[in-house]
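The values are calculated or read from the model by the stated rules, or taken from the named source; none is laboratory data. These numbers were taken from a predicted model, which means no experiment stands behind them. Note: areas computed on protein heavy atoms with side chains; ligands, DNA, RNA excluded. Shrake-Rupley method; radii C 1.70, N 1.55, O 1.52, S 1.80 Å.
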Amino acid sequence: MAFLLAVETRFAAAHTLPGVGMCERLHGHNYRVRLTVRAEDSAVDPRGISVDLGDLDTIARECVADFEHQYLNDLEPFKKIPTSSEHIARIVCTRAARLLGAKGRVEQVEVWEQPHYRVTYRPAG
Ligand SMILES: [Zn+2]
């Protein structure tokens with residue numbers, strides 16, 4: 001058995017997606033990002049906490065901090081890949097895993113670029 005703990009953060013950014021219809025035009029989104037972490041039963045400490053949600057909140061915000069109010073296409077993580085929600089989710093997942101260390105395992109990262117458009121990334125393993 002395990003626990004799933006999730007926090008959400010947001011950022012606003014502009015981008016273009018060459019080859020994707022009207023997304024080729026410069027436009028922006030108020031992105032919503034949910035980071036979900038898996039913690040085993042055995043990870044619960046004497047305080048009753050597996051992963052501190054405050055720590056998780058800090059990690060989620062740190063994962064997208066450099067995206068805030070930026071033109072994503074100009075940023076280093078997107079120099080060679082498109083600024084799609086798929087890639088944003090994968091980048092957040094990689095960053096979160098690094099920041100989490102042994103505290104927990106990333107179960108999934110969800111990215112909304114609009115309230116009704118969501119991409120979910122689940123790392124292998
Ligand atoms: Zn877009």
Let's test this: bin the Cα-Cα distances of the chain at 10 Å from zero up to the farthest pair and state each bin's percent.
13, 43, 29, 12, 3, 0
Return the long-range amide H neighbours of Gln70 (sequence gap of 5 or more, or a different chain), with a cut-off of under 5 Å between placed amide H atoms.
Ala14
Any chance you could check the Cα centroid distance between region 95-112 and region 46-74 for me, in angstrom?
9 Å
Could you give each residue of region 91-100 its phi-based ³J(HN,Hα) in whole Hz, using Karplus coefficients 6.51, -1.76, 1.60 with θ = phi - 60°, and x for Gly or Pro?
5, 4, 4, 4, 5, 5, 4, 5, 6, 6
Residue by residue through region 29-40, what is 3J(HN,Hα) from phi via Karplus (6.51 cos²θ - 1.76 cosθ + 1.60, θ = phi - 60°)? Round to whole Hz and write x for glycine and proline.
9, 9, 6, 10, 10, 10, 9, 10, 10, 9, 10, 6
At 1.4 Å probe size, with every protein chain present, just tell me what the per residue accessible area of region 65-125 comes to in Å².
60 Å²
Whole-percent carbon and sulfur contribution to the accessible surface of the chain (1.4 Å, no ligands, DNA or RNA) stands at 53 percent
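I'm checking a number: the convex hull volume of the Cα atoms of region 1-70, normalised per residue, in Å³. What is it? Mind showing how you got there, number by number?
Details: hull volume 6.8 nm³, N = 70.
Enclosed volume per residue, from the Cα hull, is 98 Å³.
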From DSSP H assignment alone, runs of 4+ in the chain each adding -39500 (n - 2.57), the sum over residues rounded to the nearest 500 puts [θ] at 222 nm at -7000 deg cm²/dmol
Which residue, Ala60, Ala96, Ala13, has the most motion in a Gaussian network model of the chain that connects Cα atoms within less than 10 Å?
Ala13
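Taking Rh as the Kirkwood radius, which is the inverse of the mean 1/r over Cα pairs, what is the Rg/Rh value for region 40-113?
On the way: Rg = 14.4 Å, Rh = 13.7 Å.
Radius of gyration relative to Kirkwood radius: 1.05.
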Springs between alpha-carbon pairs under 10 angstrom, Gaussian network model over the chain: which of Pro18, Pro46, Pro77 fluctuates most?
Pro46
